[in-house]
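A short write-up of the structure that comes next.
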Amino acid sequence: GEAVGNLTDAFVSVVYEDSCAMTDVIDDELSPHWLPWTQRAFCFGIICPTSSLYLGVFDHDLKIGDYDPIGRVAVNVSNLRRNTSYNLKYNLYPTANLIDRTAVGSIRIRIRLECLDERKFLLETLLKPHPRIHVNVKNERTFNVVRYTFFGEHDNEEKFDLKVARSYMYEFLEYQSNLSYIIRDSIQSLMFWRNDQVKVYSFNIPLHSFFFFVSVITLVEYPHLIVSFLLIGIAWVMLASLTIRRQHPSPWHSRSCPPFWKFLSILLQGSRVRKLSVIDPLIEPHEGNEAVQEYDLKQKRRLEEDRKVAEKRADLQRKVNAIGDINFLKCLGRYQGMVGSVFKSLRFIKMIVTWEES
């Protein structure tokens with residue numbers, strides 16, 4: 001800032017769909033707090049329910065030029081429960097395109113999503129694609145503020161940046177690792193009929209294993225139904241993914257992602273006044289904190305064990321590569337294949353002589 005104290009003169013830029021707004025500037029304050037008489041509250045209309053809310057924090061500069069950006073965050077408002085007030089705290093980062101990043105601060109916001117017709121709200125999400133939205137501003141300075149709030153520091157994808165490219169590679173490897181965990185856990189759960197698949201009231205039943213067993217038997221008898229079962233399988237995978245997310249010990253996961261029957265009842269019955277007896281109870285402070293910490297610790301241990309196994313494999317591969325020239329190893333591999341063919345013939349002769357079943 002350029003004020004007397006030469007500290008941060010902070011203000012917040014808010015961008016939602018085709019609208020943008022800015023708070024008042026708090027002079028010379030490293031931990032600013034917007035009081036009730038300042039410009040701090042905004043009301044936005046909703047064009048597409050899946051749009052995100054973007055917040056950017058800047059240092060107001062009196063000199064000619066752009067404002068100094070501090071950090072930004074994107075809030076997925078589609079995960080919020082309708083007609084519910086939230087008091088949330090988010091870390092601020094310079095960009096969203098880098099995985100290896102450090103928080104430059106935090107921001108606390110109060111947000112509420114008003115919805116008069118939940119059925120119409122849900123149909124807008126399902127039937128209409130996300131429109132192309134433009135934000136109109138008055139000058140170049142405001143344009144740069146909105147651009148940083150929306151895209152962050154690395155906003156030019158046409159200009160090559162080694163950090164961004166490396167981050168994309170790490171993100172792809174993370175997707176690959178997570179997908180391998182999901183596939184491995186799913187196969188083990190299906191094959192061993194584990195009872196943690198679906199919870200009905202207070203009972204856990206292996207419903208997915210039963211459905212998979214019946215589907216395989218039916219396809220063996222009626223293979224012409226494979227296309228129908230593939231389409232059913234897509235819906236089945238989505239329902240299983242929903243079940244896995246709701247099994248997280250944190251109450252925020254189950255509240256932000258309602259069960260399938262809730263969406264089905266909204267589509268069939270429409271928006272209706274909810275009685276007090278069916279209103280979800282409030283989430284108490286630190287509710288489920290111990291279970292979440294135990295869950296995160298278990299996942300961390302699993303990742304650490306897999307990392308050690310990967311390091312051992314890589315170390316073994318380096319030792320193998322250090323034995324000699326790669327051409328020599330290729331020659332050994334060719335001779336090994338020839339020896340393998342000889343031993344296959346010997347095994348076949350042994351089975352004939354000893355009357356062993358092949």
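None of the figures in this text is laboratory data; all of them are computed from the coordinates on show. The shown structure was predicted, so the numbers you read here are calculated from the model rather than taken from an experiment. A quick note on method: Cβ atoms are made from the backbone with ideal geometry, for glycine too, and the neighbour counts reach across all protein chains shown.
Data for the structure
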quantity	calculated
The stretch 1-99: GluC sites (Glu not before Pro) falling in loop per DSSP and having at most 11 other Cβ within 10 Å	2
Three-way shape label, the stretch 170-315, alpha-carbon gyration tensor, a/c 1.5	oblate
Chymotrypsin sites (Phe, Trp or Tyr not before Pro) restricted to the stretch 167-222 and DSSP loop, no more than 13 other C-beta within 10 Å	192, 201
Tensor-based shape of the stretch 176-220 (alpha-carbon gyration tensor, a/c under 1.5 rounded, otherwise prolate or oblate)	oblate
Which listed pairs, of 128/199; 199/300; 89/308; 89/300, have C-alpha distances above 29 Å, in listed order	128/199; 89/308
DSSP-assigned coil residues among trypsin sites (Lys or Arg not before Pro) in the stretch 149-246, each with at most 10 further Cβ atoms within 10 Å	159
Packing-based order for 294-302, 142-150, using average beta carbon neighbours within 10 Å, highest first	142-150, 294-302
Overall form of the stretch 10-156 per C-alpha gyration tensor (a/c, 1.5; a/b vs b/c)	prolate
Under Karplus coefficients 6.51, -1.76 and 1.60, residue-wise ³J(HN,Hα) of the stretch 200-206 in Hz, glycine/proline x	10, 6, 10, 10, 9, 10, x
